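The values are calculated or read from the model by the stated rules, or taken from the named source; none is laboratory data. The model shown is predicted, which means the values in this text are computed figures rather than measured ones. All Cβ positions, glycine included, derive from the backbone under ideal geometry; neighbour counts span all protein chains shown.
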Amino acid sequence: MAAATGESRYRDSAIGRFLARFASTLKLMARNRVGFAGFLLVVTIVLFSFVGPIFVPLDETVRVSQIYETPSLSHPLGTDSEGKDVLSQIIHGGRPILTIGYLAATISTIIAVMLGSLGAFLGGRIDTGFTWLADMVLTIPQLPLLAVLAGILSLNSKLAVAGLIGALFWPTLMRATRAQVLSLKERDYVESARALDLGTPHIVFREIAPNMAGYIAINFTLAVTASMYAVVGLTLLGLVPLSQDNWGVMINLAWTRGAIFSKDSIFYIMSPIAAIALHQFGLVAMNRSLSEVFDPRLRRGS
Amino acid sequence: MSRTPIELEHVSRFYGSGSQQVRAVDDVSFTIEPGETLCLVGESGCGKSTTGRMMAGLLEPSDGRVLYAGSDVSKLPEEEKKRFRRAVQIIHQDPYASLNPIRNVTQILSAPLRRHKLVKSRSELRNKVHELLETVGLTPPEDFLRKHPHELSGGQRQRVSVARALTVDPEVIVADEPVSMVDVSLRIGLLNILLKLQQDLGVAFLFITHDLAVAKHFSWEGRIGVMYLGRMVELGSTQRVVREPVHPYTRALISALPEADPGLTRNKERLRLRSPDIPSLLNLPAGCPFHPRCPMYEEGLCDTDRPAEDAVDLDGHLAACYVAARELGQEDRIPESSRIAASEARRRTA
Amino acid sequence: MSELAGVTQGAGRNEVLRVRDLEIGYSTDRGRVRAVRGVSFDLEEDDSLAFIGESGSGKTTLGLSLVRLLPQSASIAKGEIVFNTSSGGELDLTDVDDETLRRFRWRECAIVFQSAQNALNPVMRIRGHFADTARDHAESEGVLKGRALTERATECLRLVQLDPERVLKAYPHELSGGMRQRVMIALGLLLNPRVLILDEPTTALDVLTQRAIIEVLTELREGHRFAMIFVSHDLSLAAELADRVATTYAGRIVELGDVEQVFYHPRHPYTVGLLDAVPTLAGEHQELSSIPGSPPDLIDLPTGCKFHPRCPYATDKCREKDPPLIEVAPGQTAACWHWEKVGSDWEARGGERHEQDANRA
């Protein structure tokens, strides 16, 4: 594959390579139809929630005469207890939940992978210490703990909420990561890396961890779903003082404002639930495509 | 690059303790001189792989010392320790596990070159990678640069393994069964590459194998060490060990090996063993570990003391057998306790 | 085109298996793997036939096909596998229903897998394995069980030099690799088959254990009237046990003959290449060489003779036309256009090597 023409010079540039990788990754994901559908679903919902608000203003008008209306052309998902349009609320309501969900998952994944990999690779007292820490966090019932801590600490930013959730959700992934690393550590190519004196950070993060990338990615998506449920749960319990309306708040309001007792309010209740559920389903379905992406043996051609 | 001998001095490796202790390697001593080939031969569980790893610094001996240029490796200053670790490299048996599946050939070879700053620019890196691929016969190199391991055949992967070992300019390569999982018709090609490295670059080899015929071919000008249940039972030049084996275990191995020649193999005289059972490492018999199966077993002589590696010493050809020592006129090398036990046993049966 | 030339055997002995023009393929994502591309051979009652080949030779597929134990993705594209059963009838295995197949397997033809393949159920004692085997292949007249089963199993275990009392009540993990392999041979013999197929019987076993297995197999052959087919990459195994040897390459037999013909007077360049690539312990240091190139890709095979990319004798004819098995001597065939040259080159130099070593023994 000798680089000869000017065309390949472009292809070799950083942007070119990135785009090429991106395109081939998409192609790989497309190999599994269910997975790709899930991926598209997630992308759609994320775009709706982050880009949508730019185009669709949040309906703040109170229309007392139009409480809990059924869907119509002007209000495709009906109205809420104050006559406000539900669809605009759904579009605006995703951002905080999704942000916290992804952020919390990122935090817990980073903690889990670092502690799991280093502990397994270095062994000895470091490993015992990390495992002990994980066990401690794991044995405490998480949602009640979350509720108590949320009540005590002042969670006035999305980062704080995400951090709290992330700090409690890492142990399971950490143990799974640790088990994987313990096994991968015995592989011949890791032994060669040791013989070549490539150094612990290189071995852990550039030889072992990438072989777990698929595993980590799948667990990351599961962490996102778990974190989103956690933040919705906290919101439902009224423990998260977020001022904007979001999907969690909508469910909370449906409960506190008696929407669950009225037949017509079904769209108000189901819309945020459906939005959350669709996103989770998309993530879970997407996992099937992720294994295609991350296993080089399944790739064909270069 | 100076070439120094690497010596294993009464090296052992234990697992567990007390009655549950397994002595995977038990008091083994030998030296690899610069540029020589030494084959470690034995069946599974004999400790040859463990010995190889201790020589490569990948496992610490539970007892004894590994000496690099005369100094204990575990006590070397960091700088020297680094040099030692790079001086001994390893090639593995399984071509499907020896390379990281997510990296391509260029990445695999570049990592050590970059890490140890053995190249100063991208073009130098590229040239070095090309050179390495050509040394191991993967030509034209361009065809292999971007390939991932699963796109290569078993033999090609082994060659990449060899190239990787060469990146740090090693003095010794520990080759752990490098051809056993490669097609028969391709083995010699791979072995020839290793032999060329020995000739051209002066690399020494600790070649671990269970196949005596391969060991004989590879190490014809070198030495063979035969291991059994963690101990070295015979050590000497290949030509002498293969043609005039001293230790009964070596003789059993040689006689048991099937040959790719019907007339030869069907008429070969087979040494009969006393028992088919292989003792477990947890429950070794007293004295010589081979005695329960040994056709030359003598009560008293063989089950009292464990024979030393040099119970027989024929001008550098060593064997751990007292019966052989007696037959070869080296009785003075047999310890008192065994000689007494032997004569008592003889008196009892007389 | 049928490859009968040179395949017929000496007259007067019972033929037990007849394979003609067998073609087997697998479907995979990458395309169709042509694992067996037209194999024909005969097997007599007491015969011992070795299929020697490396990766990509199709030998394992061939072995499995004889008991119809191929995986789902495999299909027999054409050809026939005709078995002469002990009751005197003929059975074409390519065209047979499941029930007949079940009764055929193990009673007429049994297969012994590689010991490393963990073919034994780890949570079942050995006695259970025998019972299962007897039950799975029972005839309508009744199952071999109870005391009759124990007696037969004991007999089989003694045949393979194992202590029946100890082994029958043991679990597989309590036995060594060599013992497990012998148990599998005993299981194969349970229902007195006419043909025993062994897939890599000594691979992954230690030298001394291999010797024990070879001894067991040699004794079995001398005492019992069954035919043996074994499949291996190990030439020395063929040298020990085979009456006839078939070297296989890219899904076909490329040379077939008596063991002495193939080892001492090969006529196919692949056979020559294999012989030149295997070191012997006896004798001096040898000039050995590898066969250049790589094993064949069974999905994307070259034109003409499949060995030509690696063959020192290749000419244009080889690149265009795939040679059939040609009779090169009585009872010996080779699939090579230039077999005469191969033969004369071999006799001129390599012939002496083996005779020399034989004299040393």
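Structure summary
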| read-out | value |
| --- | --- |
| Verdict on B:VAL174 being over 21 Å from the mean Cα position of the chain (by Cα), farther than 16 Å from C:ALA277 by Cα, aliphatic (A, V, I, L, M) and at the interface with another protein chain (Cβ under 9 Å from one of its Cβ atoms) | no |
| Which numbered condition B:PHE290 misses (of (1) aromatic (Phe, Trp, Tyr); (2) in contact with a helix residue (DSSP H, G or I) (Cβ under 6 Å, 6 or more places away or on another chain); (3) assigned by TED's automatic domain parsing to the domain that holds B:ASP169) | (3) |
| Residue that is farthest from C:VAL254 (Cα to Cα), among those in segment C:13-53 that are within 14 Å of another protein chain (Cβ to nearest Cβ) and surrounded by fewer than 20 Cβ atoms within 10 Å (Cβ to Cβ) | C:ASP29 |
| Selected residue [in a helix (DSSP H, G or I) and not hydrophobic (A, V, I, L, M, F, W, C)] from A:PRO53, A:PRO57 | A:PRO53 |
| Residue list for segment C:155-183, filter: of a type in the set (S, T, N, Q) and touching a residue at least 40 places away in the same chain (Cβ under 8 Å) | C:GLN161, C:GLN181 |
| Selection status of B:ARG339, under 24 Å from B:ARG270 (Cα atoms), among the charged types (D, E, K, R) and crowded, with 18+ Cβ neighbours inside 10 Å | no |
| Segment C:297-306, subset surrounded by fewer than 18 Cβ atoms within 10 Å (Cβ to Cβ) and charged (D, E, K, R), residue nearest to the other protein chains (Cβ to nearest Cβ) | C:ASP297 |
| Yes/no for B:TYR68 being over 12 Å from the mean Cα position of the chain (by Cα) and buried (at least 17 other Cβ atoms within 10 Å of the Cβ) | yes |
| Inter-residue pairs, beta-carbon under 6 Å, first at pLDDT 85 or above and in segment C:104-121, second surrounded by fewer than 20 Cβ atoms within 10 Å (Cβ to Cβ) and assigned to a helix (DSSP H, G or I), 6+ apart | C:LEU120/C:PRO172 |
| Unmet criterion (only one of (1) under 27 Å from the mean Cα position of the chain (by Cα); (2) surrounded by fewer than 16 Cβ atoms within 10 Å (Cβ to Cβ); (3) assigned to a helix (DSSP H, G or I)) for B:ARG126 | (1) |
| Segment A:243-273 - residue that is without any contact (Cβ under 8 Å) to a residue 40 or more places away in the chain and aromatic (Phe, Trp, Tyr) and, of those, farthest from A:ARG95 (Cα to Cα) | A:PHE261 |
| Residue within segment C:307-324 that is surrounded by fewer than 20 Cβ atoms within 10 Å (Cβ to Cβ), out of contact with any helix residue (DSSP H, G or I) (no Cβ under 7 Å at 6 or more places or on another chain), within 13 Å of chain B (Cβ to nearest Cβ) and not in a helix (DSSP H, G or I) present | no |
| Count of residues meeting criterion [within 9 Å of chain A (Cβ to nearest Cβ) and within 13 Å of A:ALA193 (Cα to Cα)] in segment B:104-117 | 5 |
| Residue in segment B:121-130 that is in the same structural domain as B:ILE193 (by TED's automatic domain parsing) and in contact (Cβ under 8 Å) with a residue 40 or more places away in the chain present | no |
| Counted residues, segment A:54-79 - those being in contact (Cβ under 8 Å) with a residue 40 or more places away in the chain and more than 28 Å from the chain's Cα centre (by Cα) | 6 |
| Pair list, Cβ under 7 Å, 6 or more apart: segment C:24-39 residue on the phi > 0 side of the Ramachandran plot, other residue surrounded by fewer than 21 Cβ atoms within 10 Å (Cβ to Cβ) and assigned to a strand (DSSP E or B) | C:GLY38/C:ASP21; C:GLY38/C:GLU23 |
| Count of residues meeting criterion [surrounded by fewer than 17 Cβ atoms within 10 Å (Cβ to Cβ), more than 10 Å from every other protein chain (Cβ to nearest Cβ) and outside any helix (DSSP H, G or I)] in segment A:154-211 | 3 |
| Selected residue (criterion: farthest from the chain's Cα centre (by Cα)) from residues of segment C:276-285 that are more than 7 Å from chain B (Cβ to nearest Cβ) and crowded, with 17+ Cβ neighbours inside 10 Å | C:GLY283 |
| Any chance B:SER180 is within 20 Å of the chain's Cα centre (by Cα) and either crowded, with 24+ Cβ neighbours inside 10 Å or at pLDDT below 95 (or both) | yes |
| Residue in segment A:220-227 that is of a type outside the set (A, V, I, L, M, F, W, C) and in contact with a strand residue (DSSP E or B) (Cβ under 7 Å, 6 or more places away or on another chain) present | no |
| Scan of segment C:61-78 for residues that are buried (at least 20 other Cβ atoms within 10 Å of the Cβ) and not in a loop (DSSP other than H, G, I, E, B), ordered by number | C:THR61, C:LEU62, C:GLY63, C:LEU64, C:SER65 |
| Any hit, segment B:80-95, residues being within 14 Å of chain A (Cβ to nearest Cβ), without any contact (Cβ under 8 Å) to a residue 40 or more places away in the chain, surrounded by 18 or more Cβ atoms within 10 Å (Cβ to Cβ) and within 22 Å of A:ALA213 (Cβ to Cβ) | no |
| Among the candidates B:VAL168, B:VAL182, residue that is assigned to a loop (DSSP other than H, G, I, E, B), touching a residue at least 60 places away in the same chain (Cβ under 8 Å), more than 14 Å from chain C (Cβ to nearest Cβ) and farther than 30 Å from B:ALA311 by Cβ | B:VAL168 |
| Selection from segment C:252-281 of residues that are in contact (Cβ under 8 Å) with a residue 24 or more places away in the chain, farther than 20 Å from C:LEU298 by Cβ and acidic (Asp, Glu) | C:ASP258, C:ASP276 |
| Checklist (1) under 24 Å from C:ARG221 (Cα atoms); (2) of a type in the set (A, V, I, L, M); (3) free of Cβ contacts under 8 Å to residues at least 40 places away in the same chain applied to C:LEU198, failing item | (3) |
| Which listed residue is farther than 30 Å from A:GLU60 by Cα, under 24 Å from the mean Cα position of the chain (by Cα) and of a type outside the set (Lys, Arg), from A:LEU122, A:LEU138 | A:LEU138 |
| Matching entry among C:SER294, C:SER290 (being within 7 Å of another protein chain (Cβ to nearest Cβ), in a loop (DSSP other than H, G, I, E, B) and over 27 Å from B:GLY42 (Cβ atoms)) | C:SER294 |
